[in-house]
1. Please work out which residue is modelled with the highest pLDDT, limiting yourself to the stretch 1-30 and to residues that are in contact with a Gly (Cβ under 7 Å, 6 or more places away or on another chain) and either assigned to a helix (DSSP H, G or I) or over 16 Å from Cys105 (Cβ atoms) (or both).
2. Tell me which residues, restricted to the stretch 494-511, are of a type in the set (A, V, I, L, M) and without any contact (Cβ under 8 Å) to a residue 24 or more places away in the chain.
3. Restricting attention to the stretch 96-118, does a residue exist that is modelled with pLDDT under 95, open to solvent by 20 Å² or more (accessible area, probe 1.4 Å) and in contact with a Pro (Cβ under 8 Å, 6 or more places away or on another chain)?
4. Under 9 Å by Cβ, and 6 or more places apart or on different chains, what pairs join a residue from the stretch 156-177 that is part of a loop (DSSP other than H, G, I, E, B) with one that is among the hydroxyl-bearing types (Ser, Thr, Tyr)?
5. From Val94, Val99, Val87, Val130, grab the single residue that is of a type in the set (Val, Ile, Thr) and in a loop (DSSP other than H, G, I, E, B).
6. Do you know which residues across the stretch 378-419 are modelled with pLDDT under 75, in contact with a helix residue (DSSP H, G or I) (Cβ under 9 Å, 6 or more places away or on another chain) and open to solvent by less than 70 Å² (accessible area, probe 1.4 Å)?
7. Considering the stretch 36-56 alone, what residues qualify as being open to solvent by less than 40 Å² (accessible area, probe 1.4 Å) and not in a loop (DSSP other than H, G, I, E, B)?
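The values are calculated or read from the model by the stated rules, or taken from the named source; none is laboratory data. Here the structure is a predicted model, which means the values were calculated and not measured. FYI the Cβ positions are ideal-geometry reconstructions off the backbone, even for glycines, and counts take in every protein chain you see. SASA here: full protein model, heavy atoms, side chains in, ligands and nucleic acids out. Shrake-Rupley method; radii C 1.70, N 1.55, O 1.52, S 1.80 Å.
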Amino acid sequence: MTGTPARTLLLWCPDWPVLAAEIVDGVPATGPVAVLHANRVVACSERARAEGVRRGLRKREAQGRCPQLTVVDYDPGRDARAFEPVVAAVEELVAGVEVVRPGACAVAARGPSRYLGGEEAAAERIIEHVAQSCLVESQVGIADGVFAAGLAARSGRVVPPGGTPEFLAGLPVEALGRSALADLLRRLGVRSLGDFAALPAGDVLARFGFDGALAHRLAAGRDHRPLAVRQPPADLTVTAEQDEPIDRVDVAAFVARALAEQLHERLAGHGLACTRLGIEAVTEHGQELHRVWRHDGLLTAAAIADRVRWQLDGWLSGSSGRTGARPARPTAGIIRLRLIPDGVIAQAGLQAGLWGETGEERERAHRALSRVQGILGPEAVVTAVLGGGRSPADQVRLVPWGDERLPTRPGPAPLPGEPIARPGPAPLPGEPIARPGPAPLPGEPIARPGRAPLSGESIASGGGRAVSAGRPADHSAGGVPPWPGRLPAPAPAVVLPSPLAATVHDAAGEAVVISARLAVSAPPARLVVGTGRPAEIVGWVGPWPVDERWWAPAEARRRARFQVCLADGTALLLAVEAGQWLVEAIYD
């Protein structure tokens, strides 16, 4: 903690959530406007305050005081996006800006005051520049420390050096921004920051805890942390201006390659690699074209050039590359081409895969697969992504090469003894895909009467125990469902796209049926798949019931699953649904 806070200049834009709603959503801030969060007013316009609207009021009470009130939902992302141009305008005059919150930013006052001719002159110059650049009204406060400068900005005051404790002493305890602490202090007879700062620090810590001790330091004019300045991000965008409009693909490809090499060199200079590339083009008639290419690995200079060439080919020739449909071509040639690294990561942060480190072999494989996609379309090369689910078909999703490898359903938390999968580069076709199968649930025996257990089974006597599943998953623990009722290891080697109809008979030739209480009418003895020949069943285990989404009748599905082993050594995953036997998968 710092004992002597530095002189701080803080710029504050009053009612910023209201102004952000006007900038982004077009809500007129001159009218009665209130921004609500959790059904309470967190900010309101000057017109609304004149009608009696205050922070903390409930929505109904605020509308009762001002029937013409325009209600806007609180959106911190909108506030931050709208405030970025204001921060950029301040950075045009001074360096080292810290964004305190959307609507307020702070800088060290020493540099601007010496460069612009004093603290008051610096404050006036910054206010004027923000008003001209962003059309936003603001106020500036200067004091010792960020906390005191923020309170000084409310009245546009410049507190002289060393006068911060005296300035804070007359303010009410509500200025700390801690409503619960302020209410407790008032009930104890402490009504001003000066009264609170006069209390012994040890007694404050013992009575109010660590947060109260921090508030005590602020009340005494001592910030608990130094000013954390913002480092402006490096401009990584590269642009190529053309004197003659480009309307031929070969010329565009030549420009794209030079621009791609320039972008790659700029990223390498900052130790970065591109994973998401934005391509922008402007035609001679002012038409703007934009597309974003996403890649799961890093984009080399050659990969960037290929994607730019493919995109320009699509724009200039109007061919989609798959169906022959021709979208509308640009109305004129391209005069400006821009590459924007929309997603970057540290180049050393890529995990090595089975193809080795990022090098010539991996780059060649990436280029080959990307070229196949460029010829046949993005769906021509797909990779498998493991996710959550109870059946093998639910746990695998095929995604195009280079797209984000996100599962459709979140995977289950690993059971005790299971390896934890860590994200890495996308596997290339031919690479094995790790499928760590779930261990049997605690207490769940897997047995096959009449034969030895398959690999990965635990040995138990008697038939297989029914596993109850299907209740809505509890997402309270990190939002990851446990997927009860999922099949135990090992996972099937082949999952059929469409299950095959089958019939199962007992030793007497009667059809095997499953009752509502999951009782098997007789041990399965023979299996007939479609119109094929009967096959003898030498081992089986089940049933494992699954009753999914019973609360949604249109999506409800109830079935029981079996694992069977045939006399020829084939192992199958069977399911019984609505009285029909189905072959879902084949074990290796």
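1. Once the filter is applied, the top-ranked residue is Trp16.
2. Pass one, the stretch 494-511, residues of a type in the set (A, V, I, L, M): 494-496, 500-502, 504, 507-508, 511.
Once the filter is applied, which keeps residues that are of a type in the set (A, V, I, L, M) and without any contact (Cβ under 8 Å) to a residue 24 or more places away in the chain, the stretch 494-511 yields Ala507, Ala508, Ala511.
3. yes
4. Sorted first by the residue in the stretch 156-177, then by its partner, the pairs are Gly170/Ser192; Leu171/Ser192.
5. Values: Val99 fails: in a loop (DSSP other than H, G, I, E, B); Val87 fails: in a loop (DSSP other than H, G, I, E, B); Val130 fails: in a loop (DSSP other than H, G, I, E, B).
None of the others qualify; the one that does is Val94.
6. Gly388, Gly402, Asp403
7. Kept after step one, since they are open to solvent by less than 40 Å² (accessible area, probe 1.4 Å), are these residues of the stretch 36-56: 36, 41, 43-45, 48, 52-53, 56.
Once the filter is applied, which keeps residues that are open to solvent by less than 40 Å² (accessible area, probe 1.4 Å) and not in a loop (DSSP other than H, G, I, E, B), the stretch 36-56 yields Leu36, Val41, Ala43, Cys44, Ala48.
Per-residue answers, yes or no, for (1) crowded, with 17+ Cβ neighbours inside 10 Å; (2) modelled with pLDDT under 80:
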| site | (1), (2) |
| --- | --- |
| Thr239 | no, no |
| Glu244 | no, no |
| Ala256 | yes, no |
| His264 | yes, no |
| His285 | no, no |
| His295 | yes, yes |
| Thr323 | no, yes |
